Amino acid sequence: MTDQAVRNILIVGGGTAGWMTAAALSAKLAGLPIAIRLVESAEIGTVGVGEATVPHIRHFNAALGLDEADFMRKTQATYKLGIEFRDWGKLGDSYVHPFGAYGAAIGGVGFHHHWLRARQGGDPTPLEAYSLPIQAARLGRFVPPSSDPRSLASTYSYAYQFDAGLYALYLRAYAEARGVVRTEGKVADVVLRGEDGFIEAITMENGERVEADLFIDCSGFRGLLIEQTLKAGYEDWTRWLPCDRAAAVPCDTVEPSAPYTRSIADKAGWRWRIPLQHRVGNGYVYCSDHISDDEAAAALLAGLEGKALAEPRFLRFVTGRRKKQWSKNCVAVGLSSGFLEPLESTSIHLIQVAVTTLLELFPDRGCDQADQDEYNRVMDLEFERIRDFLVLHYHATQRTDAPFWNERRTMSIPDSLAYKMDLFRERGVVVKYKDGFFLEPSWLAVYLGQNVVPRAYDPVSDSVPDAVLTQRLKAIRDSVADTTRSMPSHADWIARFCAAAPPSASGEAA
């Protein structure tokens, strides 16, 4: 029987996607006779604007055996308990999407139904008063969650805000220490096999021919292998997510270190603020139909809290996904697989899902069609559910101050989102599903934070007497407030656990 095992893997492109892939493969395939090679060119810049993550990144790092304190020092990282959204529902509004629950179920009924009942009865307490991560974020406090499931301090999670360029360098060192070979240079040509159209090899500009059994395309938006060579096709989602450009610039830190990312809705899109240990990352994601590049850059620079550390960098994109993210013996990871704007910090998460799903379905040289189909099904679902969640932010607005927001408020939305919104508006039902990203607290944060309030609540809540409910709600609020007050400040925890030295000029991410 012919040995069909994969023996050579070639990753085309570096950056966060390339080196996350290389690190994961080198860790999980250790001990197997598989050679992993990564080719990249220092002349081809990486996007590197994504610096905020979601809690799943902790599982990725843990699977690699990374030491959290060392990783945070080397990447200038801070902690992240959620994302604050300003001016999204209406001008002047502010809410936080937390990495944790609101309250706790009472009598088997979801907490938000009891909150809705109390609200209808005249209780003005905002939902965020029952969220420990929101209160900690608002007060600039942080401590890792408790491992005791009986404790309120176990009801939240956290992610990181880090320098994506430094993270790629960190993972490069990790991967190279485990045998990954890096080759500097540009790809000049891609060679296909005549009999089945699989990729056979790439040819470098210096003439070197590099063959492999499995190719991972981390070449960014251009999709050198998956699109330019294999013609996988692209599904354009700009009718729902029309922002097509971004400007990014770092600045000096002025405000106290905060354990959350900020998203501020602007007249033609939104601006981000991501606090790191050594600087603040800033950007403006916008729709070029409503604002020019120069106007966007001016708005971005005008909103900085400190001195700009560089000139704004511009990025152009088309939101959507490849019609096939695994085609033949090529898997697209990162921007080559598609792009969803970084509104909910999902770019690095999608890289993580792609790599872990590939490892779960790791093929032989034949790359069975069933494996390809299952991989594409999983990734399609991830993209679609994230897409719907992002569209919700834009559509659930009451803003009438700019044409961009008028269009978003009145646009047609995907059917898969419309039915979710209808169910919630009727009686507070949050659609749950087994696969895909974003759980109930995330949907509640955006729905209620942007004034999508149900007409009714679960009637089973009425089985709890009014006096008992009032007492339970007060007890939860008091517990959240007391626990928050006992936490150290975010800055103090970083200083104690993972304070980083200022990076050298050569270590700065682009």
If A298 satisfies every condition in (1) without any contact (Cβ under 8 Å) to a residue 40 or more places away in the chain; (2) surrounded by 23 or more Cβ atoms within 10 Å (Cβ to Cβ) but one, which is the exception? (2)
From (1) charged (D, E, K, R); (2) under 27 Å from I494 (Cβ atoms); (3) touching a residue at least 60 places away in the same chain (Cβ under 8 Å), pick out the condition that doesn't hold for K267. (2)
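Here's the yes/no breakdown for (1) among the small types (G, A, S); (2) at pLDDT 95 or above:
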{"residue": "A246", "(1), (2)": "yes, yes"}
{"residue": "S257", "(1), (2)": "yes, no"}
{"residue": "G283", "(1), (2)": "yes, yes"}
{"residue": "D293", "(1), (2)": "no, yes"}
{"residue": "A299", "(1), (2)": "yes, yes"}
{"residue": "G303", "(1), (2)": "yes, yes"}
Unique residue being of a type in the set (F, W, Y) and more than 24 Å from A69 (Cα to Cα) when the list is F162, F111: F111
Based on what the data block shows, is E176 over 28 Å from A297 (Cα atoms), buried (at least 19 other Cβ atoms within 10 Å of the Cβ) and under 29 Å from the mean Cα position of the chain (by Cα)? no
Quickly run through the stretch 205-226 and pick out the residues that are farther than 20 Å from A17 by Cβ and either modelled with pLDDT under 95 or in contact with a Gly (Cβ under 8 Å, 6 or more places away or on another chain) (or both). E205, N206, E208
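Could you grab me the full set of residues in the stretch 180-201 that are closer than 16 Å to I216 by Cβ and either of a type outside the set (A, V, I, L, M, F, W, C) or in a loop (DSSP other than H, G, I, E, B) (or both)?
Result: V180, R182, T183, F198, E200.
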Against the condition surrounded by fewer than 15 Cβ atoms within 10 Å (Cβ to Cβ), in contact (Cβ under 8 Å) with a residue 60 or more places away in the chain and out of contact with any strand residue (DSSP E or B) (no Cβ under 8 Å at 6 or more places or on another chain), how does G366 come out, does it pass? yes
Filter the stretch 1-38 down to residues that are closer than 18 Å to A212 by Cα and of a type in the set (S, T, N, Q) and give me whichever is farthest from the chain's Cα centre (by Cα). T2
Scan G48, G13 and give me the residue that is modelled with pLDDT of 95 or more and on the phi > 0 side of the Ramachandran plot. G13
Within the stretch 139-153, take every residue that is in contact with a strand residue (DSSP E or B) (Cβ under 7 Å, 6 or more places away or on another chain) and either among the aromatic types (F, W, Y) or without any contact (Cβ under 8 Å) to a residue 60 or more places away in the chain (or both) and give me the one that is surrounded by the fewest Cβ atoms within 10 Å (Cβ to Cβ). P145
Test: residue in the stretch 309-331 that is of a type in the set (G, A, S), buried (at least 17 other Cβ atoms within 10 Å of the Cβ) and under 18 Å from the mean Cα position of the chain (by Cα): yes
Taking the stretch 398-437, which residues are of a type in the set (G, A, S), part of a helix (DSSP H, G or I) and touching a helix residue (DSSP H, G or I) at 6+ places or on another chain (Cβ under 7 Å)? S416
I need the full set of residues from the stretch 1-42 which are of a type outside the set (A, V, I, L, M) and out of contact with any strand residue (DSSP E or B) (no Cβ under 8 Å at 6 or more places or on another chain), in order please. T2, D3, Q4, T16, K28, G31, P33
Pairing a residue in the stretch 172-184 that is over 10 Å from A22 (Cα atoms) with any residue that is hydroxyl-bearing (S, T, Y) and at pLDDT below 95, where Cβ atoms lie under 7 Å and the two sit 6 or more apart in sequence or on different chains, gives E184/S41
Run S157 past the list (1) crowded, with 17+ Cβ neighbours inside 10 Å; (2) within 26 Å of L38 (Cα to Cα) and report the number of the one that doesn't hold. (2)
What are the residues in the stretch 423-476 that are within 17 Å of L127 (Cα to Cα), among the hydroxyl-bearing types (S, T, Y) and more than 20 Å from the chain's Cα centre (by Cα), if any? Y457, S461, T470
Log entry, pairs with first residue in the stretch 454-483 being aliphatic (A, V, I, L, M) and exposed (fewer than 14 other Cβ atoms within 10 Å of the Cβ), second being modelled with pLDDT of 95 or more and in a loop (DSSP other than H, G, I, E, B), beta carbons closer than 8 Å, six or more apart or on different chains, reads A456/G428
Checking W493 against (1) closer than 23 Å to H114 by Cα; (2) assigned to a helix (DSSP H, G or I), which test does it fail? (1)
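Here are some residues: A467, A481, A499, A456. Which one is under 30 Å from A164 (Cα atoms) and at pLDDT 95 or above?
Sole residue among the options that is under 30 Å from A164 (Cα atoms) and at pLDDT 95 or above: A499.
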Restricting to the stretch 122-162, give me the number of residues that are in a helix (DSSP H, G or I) and among the basic types (K, R). 1
Any chance A173 is in a strand (DSSP E or B) and either acidic (D, E) or at pLDDT 95 or above (or both): no
Out of S412, S442, report the one residue that is modelled with pLDDT of 95 or more and touching a strand residue (DSSP E or B) at 6+ places or on another chain (Cβ under 8 Å). S442
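The values are calculated or read from the model by the stated rules, or taken from the named source; none is laboratory data. On a predicted model such as this, the values are computed, not experimentally measured, just so you know. Glycine gets a Cβ as well: all are built from the backbone with ideal geometry, and neighbour counts include every protein chain shown.
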